[in-house]
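In what follows, a structure is listed as structure tokens, so that the remarks can point back to it.
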Amino acid sequence: MSVRLNTNYLSSFVSAEELTNIQPQVNVAHDLLSSRTGAGNDFLGWTTLPVDYDKEEFARIKIAAEKIKKSCDIFIAIGIGGSYLGARAVIEFCKSPLYNNLSKDTPDIYYAGNNISAFAIDELLKICEGKDICINVISKSGTTTEPAVAFRVFRALLEQKYGVEGARERIFVTTDKARGTLKHFSDEAGYETFVVPDDVGGRFSVLTAVGLLPIAVAGIDIDGLMKGAADAMEAYKNPDLNANDCYKYAAIRNILYRKGKSTEILVGYEPYQTMLSEWWKQLYGESEGKDQRGIFPASVIFSTDLHSLGQYIQDGMRNLFETVISVEESPVAYPIPHDPANIDGLNFLSGMDLNQVKRTAMQATLLAHVDGGVPNLLIELHDKSAYSLGYLIYFFELACAISGYMLGVNPFNQPGVEAYKKNMFALLGKPGYEDMKAELEARLG
Ligand code: PA5
């Protein structure tokens, strides 16, 4: 079992009886999901994806990744939200946030189209100077402004550098299988395309071509990633809270939320967990934050943030709970050096593995935060392999669906994302938005 939920630090906040009492509600959520009768049931492709995926496309992803590795120094993944976060989370978790400094046999990977920043585009264009480049534009709708603008910029760069024919060999597109501007344009231009399945929403799409192509380019074992998710899928079939850590996590979140714990902080102790937390925040925030409900997902990396947000967590408003992801095995050990002069007085640590110091910091913090009134859940992950991460990804996706149904929302839509877009299009003068433009400009004064 790659993922274990440790509830030892929770007993003063959630009783065994409360868990027993919430079981019927878990069963209802489970039935809605497994019978595919709940809200958003046309977006449940991710539930069986770890075993039921397009094997021919999976093989094509590996071939494309090899081609990309051979033909470029820089690979740019262009996408935003669910079309970007999963790939980056896996690459940084399984490799490193410093991947580009350390990669030898694989291209450097950069991300574009996830912001509206002239500075960021300009910076990346400078980095690309004199380098061989491939790009993968990823957009389910094919119409999202941020990636569409970045695609314009980098397609033009490639066509200028390699000609239209040469650029065609370096542009890879992941989008809807039949619909949308990007699909039609790609077919006309002759780009190799990969599919975002109709029934998989952006934030649940990391195990489709959306995540898998960039992840494979980074040299990560995508078979292992899928196998981990497939084993998790098998492990979490029984809704009984005594047998299902994934459902237990969903149930505990709901119990805590009803007690006023409206912010969940995902805690990591390794810098390589930072982007995983960003992926998790999108998954939970976009799935549950609707109808004026939902836990606000936040994140910290300790011990870094113990010297920053740690004060608030220990002593601030008591509406928080923490979910700590502890990666049990480290691929490296680092013994603390001995200093004969003992200038810093730290010789009591000489020779101790830094992993042990980190574990002790985690134990100390768990106890302190529990004493401060912050419920703590501990998710123990065996290691940082692709297999274990695939397992954890499925754990979080499934828990999110169950948790969302328990909360009474549709976990698979994101109506709130449209509000800013409409305003932005109107203010930028998009045809068809003329009335709205005048009204918004009047409000802006
Ligand atoms: O999870 C989601 O659905 C969103 O975050 C989308 O992934 C994001 O808005 C990007 O959309 P698209 O892939 O259509 O460009």
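The values are calculated or read from the model by the stated rules, or taken from the named source; none is laboratory data. Everything numeric in this text was worked out from a predicted model, so none of it was measured. All Cβ positions, even for glycine, are placed from backbone atoms using ideal geometry, and neighbour counts span all protein chains on display. SASA here: full protein model, heavy atoms, side chains in, ligands and nucleic acids out. Shrake-Rupley method; radii C 1.70, N 1.55, O 1.52, S 1.80 Å.
What the table below lists for this structure:
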{"item": "Residues of the range 129-144 satisfying the condition of being within 22 Å of R203 (Cβ to Cβ) and modelled with pLDDT of 95 or more", "result": "N136, V137, I138, S139"}
{"item": "Elements of type helices (runs of 4 or more DSSP H) in the range 355-445, at least 1 residues being assigned by TED's automatic domain parsing to the domain that holds Q314", "result": "386-407"}
{"item": "Residue pairs meeting the criteria (Cβ under 7 Å; at least 6 apart or on separate chains; first open to solvent by 30 Å² or more (accessible area, probe 1.4 Å), in the range 160-187; second modelled with pLDDT of 95 or more and among the β-branched types (V, I, T))", "result": "R170/I133; R170/I135; K177/V195"}
{"item": "Among (1) within 16 Å of the ligand (Cβ to nearest atom); (2) open to solvent by 10 Å² or more (accessible area, probe 1.4 Å); (3) modelled with pLDDT of 95 or more - the single one T274 does not satisfy", "result": "(1)"}
{"item": "Of all residues making up the range 361-407, the number that are open to solvent by 30 Å² or more (accessible area, probe 1.4 Å) and aromatic (F, W, Y)", "result": "1"}
{"item": "Every pair of residues 6+ apart whose Cβ atoms lie under 6 Å, when the first sits in the range 192-216 and is in contact (Cβ under 8 Å) with a residue 60 or more places away in the chain and more than 11 Å from the ligand (Cβ to nearest atom) while the second is open to solvent by 10 Å² or more (accessible area, probe 1.4 Å) and among the hydrophobic types (A, V, I, L, M, F, W, C)", "result": "D199/F43; L207/L49"}
{"item": "Given (1) more than 13 Å from the ligand (Cβ to nearest atom); (2) more than 18 Å from the chain's Cα centre (by Cα); (3) outside the structural domain of R253 (by TED's automatic domain parsing); (4) not aromatic (F, W, Y), index of the condition D231 fails", "result": "(3)"}
{"item": "Subset of the range 346-356 [within 12 Å of A333 (Cβ to Cβ) and over 28 Å from the mean Cα position of the chain (by Cα)]", "result": "G351, M352, D353"}
{"item": "Extreme residue, nearest to N254 (Cα to Cα), among residues of the range 287-336 that are among the acidic types (D, E) and open to solvent by 80 Å² or more (accessible area, probe 1.4 Å)", "result": "D291"}
{"item": "Residue list for the range 138-151, filter: surrounded by 24 or more Cβ atoms within 10 Å (Cβ to Cβ) and more than 9 Å from the ligand (Cβ to nearest atom)", "result": "A150, F151"}
{"item": "Which listed residue is more than 16 Å from the ligand (Cβ to nearest atom), of a type outside the set (S, T, Y) and modelled with pLDDT under 95, from D105, D73", "result": "D105"}
{"item": "In the range 214-229, residue least open to solvent (accessible area, probe 1.4 Å) [restricted to those that are under 24 Å from V173 (Cβ atoms) and not in a helix (DSSP H, G or I)]", "result": "A218"}
{"item": "Any hit, the range 44-58, residues being open to solvent by 60 Å² or more (accessible area, probe 1.4 Å), among the acidic types (D, E), over 30 Å from Y99 (Cα atoms) and touching a residue at least 12 places away in the same chain (Cβ under 8 Å)", "result": "no"}
{"item": "Subset of the range 80-102 (residues that are within 12 Å of the ligand (Cβ to nearest atom), out of contact with any Lys or Arg (no Cβ under 9 Å at 6 or more places or on another chain) and under 22 Å from M226 (Cα atoms))", "result": "Y84, A87"}
{"item": "Every residue from the range 242-254 that is open to solvent by 10 Å² or more (accessible area, probe 1.4 Å) and touching a helix residue (DSSP H, G or I) at 6+ places or on another chain (Cβ under 9 Å)", "result": "N242, D245, K248"}
{"item": "Some residue of the range 188-199 being part of a helix (DSSP H, G or I) and either in contact with an Asp or Glu (Cβ under 8 Å, 6 or more places away or on another chain) or open to solvent by less than 10 Å² (accessible area, probe 1.4 Å) (or both)", "result": "no"}
